[in-house]
Amino acid sequence: MRDDANLATCMEELAFMRSFVRLCDDGYRQGWHERNGGNLTYRMATEDVAFARPFFNETPGEWKRMDVEAPSMAGEFFVSTSAGSYMRNISSETSRYAGIVEINDEGNAYRVVWGFEDGGRPTSELSSHVLNHAVRAAATDGACRVMYHAHPSSVIAMTMVVELNSRTITRLLWQAMTESIIAFPMGVGVVPWMVPGGADIAKATSKLMRTYDAVIWASHGLFATGADFDAAFGLMHAIEKAAGVYVRARCMNGGSDNFRNTITDEGLRAIAEEFNLPINEAFLEETLI
Ligand code: 13P
Ligand code: ZN
């Protein structure tokens, strides 16, 4: 058994829960979580569930239907922030503003097994999280476990002025910063503006998650995924940093996107070759091959 599991006297002391809380704090400090903006889920590994089980409620909650179905997520356990919770409060009152849910055998309902004290429930974006987890787990041979949604300003601002498609936005982000293409070689998906919180936006997002490990919601925010908390946080950070560079450069350029210097497609291709990246070829100009 891992040390943290042997020594833990409560759920909050387990390693996966400490990492969950740390990401919430880090995201808040970045300014990505005004009010209750953003949410986080973690698909627990089998050993996490074993370590957590002694702290589960004696009686699980009632099964609650979700508005999406994800059969491959049947029997999975997810840590989730609660609907309406402020990211800045997750670390101080974890069992109130976060919790653990179990998914039923059909993959269409959940029940609370820990946390969400005082009548809380999982994030209003649970449908998106669960569908995205299903798609990313399949795309990564089970490696992807973290689904992180935030409201970073520069990404949101960018969606107000540039063409809303994955290729255009990915290229601008790749060109803004040399290491962008290393952080997200497959690019970033883009969902046009949609009403948040329901099955429609969940389906539109998860469709893009077959290709991309990060998806922008226009005029709203960004979903970043990863095998662990560092990977998901790092991806969010890298995309927002690149968007910030783009926004600044454009402001310095009198609002024009006609930049004096940028990274060429040849340059992008050279980085991909140097680092042996699984790059999205369709996003580079073919004439330069
Ligand atoms: P929740 O508080 O329900 O997680 O919603 C926040 C949010 O960002 C919705 O998109
Ligand atoms: Zn949101």
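The values are calculated or read from the model by the stated rules, or taken from the named source; none is laboratory data. Since the model is a prediction, treat every value here as computed from it, not as a measurement. Cβ sites come from the backbone with ideal geometry, for glycine too, and all protein chains shown count toward neighbours. Surface accessibility is based on the protein's heavy atoms, side chains included, excluding ligands, DNA and RNA. Shrake-Rupley method; radii C 1.70, N 1.55, O 1.52, S 1.80 Å.
When the range 149-184 is filtered for residues that are within 16 Å of ligand 2 (Cβ to nearest atom) and either closer than 21 Å to residue 132 by Cβ or not in a helix (DSSP H, G or I) (or both), the ones remaining, listed by number, are 149, 150, 151, 152, 155, 156, 159. From the list 120, 75, the lone residue that is within 19 Å of residue 45 (Cβ to Cβ), assigned to a loop (DSSP other than H, G, I, E, B) and over 19 Å from the mean Cα position of the chain (by Cα) is 75. One residue stands out in the range 11-52 among those that are outside any helix (DSSP H, G or I), open to solvent by 40 Å² or more (accessible area, probe 1.4 Å) and not small (Gly, Ala, Ser): the one that is farthest from residue 125 (Cα to Cα), namely 30.
Among the residues of the range 210-236, those identified as hydrophobic (A, V, I, L, M, F, W, C) and more than 16 Å from ligand 2 (Cβ to nearest atom) are 227, 229, 231, 233, 235. Here the range 127-148 is the region considered, the condition is being within 16 Å of ligand 2 (Cβ to nearest atom) and not in a helix (DSSP H, G or I), and the residue that is farthest from residue 239 (Cα to Cα) is 147.
One line per residue, one yes/no per condition, for (1) buried (at least 17 other Cβ atoms within 10 Å of the Cβ); (2) within 16 Å of ligand 2 (Cβ to nearest atom):
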| residue | (1), (2) |
| --- | --- |
| 81 | yes, yes |
| 84 | no, yes |
| 87 | yes, yes |
| 94 | yes, no |
| 103 | yes, no |
| 106 | no, no |
| 110 | yes, no |
| 116 | yes, no |
| 125 | yes, yes |
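Counting only helices (runs of 4 or more DSSP H) that sit wholly inside the range 186-289, those with at least 2 residues that are within 13 Å of the chain's Cα centre (by Cα) are 199-208, 229-252.
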